[in-house]
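Heads up, the thing below is written out as structure tokens.
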Amino acid sequence: MGPLWVVLAITAVKSLVVIVALLTAFAYMTWLERRLVSRFQVRIGPNRVGPFGLLQPVADGIKLFFKEDFMPSGADRALYFIAPGLAMVTAFTAFAVIPFGPPEVKLWGVPLLQIANPNAGILFILAVSSIGLYGIILGGWSSNSKYPLLGALRSSAQMISYELGVGLTLVSVILLSGTLQLPQIVEQQTLTWFGFLPRWNIFVIPVGPLAFLLFLIGATAETNRAPFDLPESEQELTAGYHTEYGGMKFAAFFVAEYVNLVTASAVAVTLFFGGWDGPFVDQVPLLGVLWFIAKVFAFVFFFIWLRATLPRVRYDQLMDLGWKLLVPLAILNLAITSAIVLIWPSLGGG
Amino acid sequence: MSDYLILSGVLFAIGALGVLVRRNALIVFMSIELMLNAVNLAFVSFARQLNDMTGQVIVFFVLVVAAAEVVVGLAIIVNIFRTKETVDIDDIDLLRG
Amino acid sequence: MRSVLFWILALAAVGSSLTMITRSKPVHSAIAFLGTLVSLAGLFLLLYAQFVAILQIVIYAGAILVLFLFVIMLLHARSGEGSVEKLRLQRPLAIVLSLALLAGVSFLFLQAGLSEAPTPAAGMGTAEEVGKTLFDHFILPFEVASVLLLAGILGAVVLSKKESWS
């Protein structure tokens, strides 16, 4: 590796590129979601601004930028400002440990296709997302209004409950891989069985599919997506925790929500679908980035599809699902995984 | 190395000050957590000084104790609030309920 | 580099913890405490304790402090302090006592005359090393800790049940 300042400079450039990419992805995800949900509901959706409404995100951005910057009466001034920033910053930070390409692509010894590779890998994502929760709680509390407060309370209870299930599920994946670091987890999945079947974790019957299903349910709840979008359920809580927000501060919450969705998809891809693994990556390493983006896109599409298809659950159903189904199944899955890794140690990394 | 230890002493003293001065049960509780954290910092510093992982593992146990303590303690505070409508510890000076 | 980072984080930790014990609204205290926790995690990183730093955030910031906030919001408006100070000397005495505590502790630490920290062993503070130490030497305390957590869960459930079963 080069001197410290070279590493820092490369990291800064990488972060900047990723942030710009995520912001662009966010802008077009809002467009995509509106178009797709319209199609699912046999409507047309935004098609006025630019061809196919492609400039709609730009128009939305301009509108939000020039909106009046107001504050509800009795709001807690400092926290009202901090909350959206906290939500947005943590959403971006979580993406830092995700490898979006093979580690062989290097510049002065610094891997280019992952921002940082801490020893605690997956746990870093959990840690950062748990700080992101404060954005939602504080946003809801500081607005001094009943709907946001209810949204914040719901959100904190929901996210703590589901983090447990997701965490336990992640442990079984960690057991399968024998490491917490995401590049190594991907590296292991690039191997094959019988020479043709990729060794993606989803194909580790029976624990892989179960772990994936549990993770998917948990991730949907953690990102507050339908059918678990109770913190912002429009019919009961107006808009939930960000009811009292407008203009750029609302935009920050909005960005955080979509970036979290991308991160959740990216984590699912990395842990269960081989990350950047795909045909011809060995020959052309940069192709890995394309595979990665394609897989993440498939997940984003799936989440939008889910939203258009499923009705919202009741709050008690949500809690029942989390505590009485997700957690026990995750523990069961963990036990089976441990047994399998014990019997065939070659499966685990250790 | 002693700068880390002094810092942990400062944080511990601030936590103790919070416990002694504040009367809001929630903030007193947070001050106790701060003291636990200060001790954690001292443990990790000693682990670094002695090149021994034991200090870091102790932090893990402190975290467990803190979690159990907070869960029960907050339940008690909520219970007190239900019966007495206050979390000011000066108002909770009776041994009978 | 390290000492600059140390001073930034140390000032952040002391500043936010002082903020924590001086705010009148519990929510502000909790957020200040969040600042303390995050700066402490940074200090752990400087001390080659990566895994502990992450644990600190996941457990303290992600679970314990959220529980605090949850309770503060449930008790909402009426969770302030009464304005009457019952003990007049409490505040000055408390300050004197904590300063005395600080002086004593600092004296002890300086007395120990610690030298420069040695170069850390390879892999210090990684998840692997923590796991090895934990399960090689502390397996009984580890099991006891799980029982303690179970007791905590049961205690919370029993305490927060509205009416007792009797």
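The values are calculated or read from the model by the stated rules, or taken from the named source; none is laboratory data. These numbers come from a predicted model, not from an experiment. Virtual Cβ from ideal backbone geometry, glycine too; neighbours counted across all protein chains shown. Surface areas here come from the heavy atoms of the whole protein model, side chains and all, with no ligands, DNA or RNA. Shrake-Rupley method; radii C 1.70, N 1.55, O 1.52, S 1.80 Å.
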Charge dipole magnitude, Cβ of K and R +1, D and E -1 - region A:182-247, Cα centre, debye nearest 20: 520 debye
Helix B:2-21 axis, angle to chain B major axis (alpha carbon atoms, nearest 10°): 10 degrees
For A:Gly178, residues with placed amide H under 5 Å, excluding near neighbours: A:Gly349
A:Thr309 - accessible surface, heavy atoms, 1.4 Å probe, Å² rounded to 10: 90 Å²
Dipole magnitude of the protein assembly as shown, debye to nearest 20 (Cβ charges: Lys/Arg +1, Asp/Glu -1, about Cα centre): 1100 debye
Kirkwood hydrodynamic radius (C-alpha pairs) into Stokes-Einstein, the protein assembly as shown, 20 °C and 1.002 mPa s, D in µm²/s: 83 µm²/s
Estimated vicinal HN-Hα couplings, Hz - region A:295-311 in sequence order (Karplus 6.51, -1.76, 1.60; Gly, Pro = x): 5, 4, 4, 4, 5, 4, 4, 4, 5, 5, 4, 4, 5, 6, 9, 9, x
Relative contact order computed over region B:2-91 (Cα-Cα under 8 Å; 6+ residues apart), in percent: 29 percent
Heavy-atom accessible surface of the protein assembly as shown: percent carbon and sulfur, 1.4 Å: 72 percent
For region A:47-104, convex hull of alpha carbons as volume per residue, Å³: 147 Å³
Residue among A:Val20, A:Ala127, A:Thr93 farthest towards the positive dipole end of chain A, charges placed on Cβ: A:Val20
Viscosity 1.306 mPa s, temperature 10 °C, Stokes-Einstein D of region B:2-91 from Kirkwood C-alpha radius, µm²/s: 111 µm²/s
Helical segments meeting 27 Å axial Cα length and Kyte-Doolittle -1.0 threshold in chain C (DSSP H): C:2-22, C:26-46, C:90-111, C:139-160
Selection from B:Gly55, B:Ala66, B:Met30, by position along the positive dipole direction of region B:28-97 (Cβ): B:Gly55
Interchain or long-range residues, amide H under 5 Å from A:Ile115's placed H: A:Ile98
Angle between chain A longest axis and helix A:146-177 axis [Cα atoms, degrees, rounded to 10]: 0 degrees
Centre separation in Å (Cα based) which lies between region C:1-35 and region B:24-91: 16 Å
Directionally averaged shadow of chain A, computed from the convex hull of its alpha-carbon atoms, nm²: 19.4 nm²
In degrees, nearest ten, helix A:4-40 long axis to first principal axis of chain A (Cα): 60 degrees
Tail fraction, Cα-Cα pairs, region C:126-166, threshold 11 Å, whole percent: 70 percent
Per-bin percent of Cα-Cα distances, chain C [5 Å]: 1, 7, 8, 12, 15, 16, 16, 12, 7, 4, 1, 0, 0
Residue pairs, from the table A:Lys63/A:Lys249; A:Lys14/C:Lys132; A:Lys324/B:Lys84, whose Cα atoms sit over 24 Å apart: A:Lys14/C:Lys132; A:Lys324/B:Lys84
Loss of accessible area when B meets C, both sides summed, Å² nearest 100, probe 1.4 Å: 7100 Å²
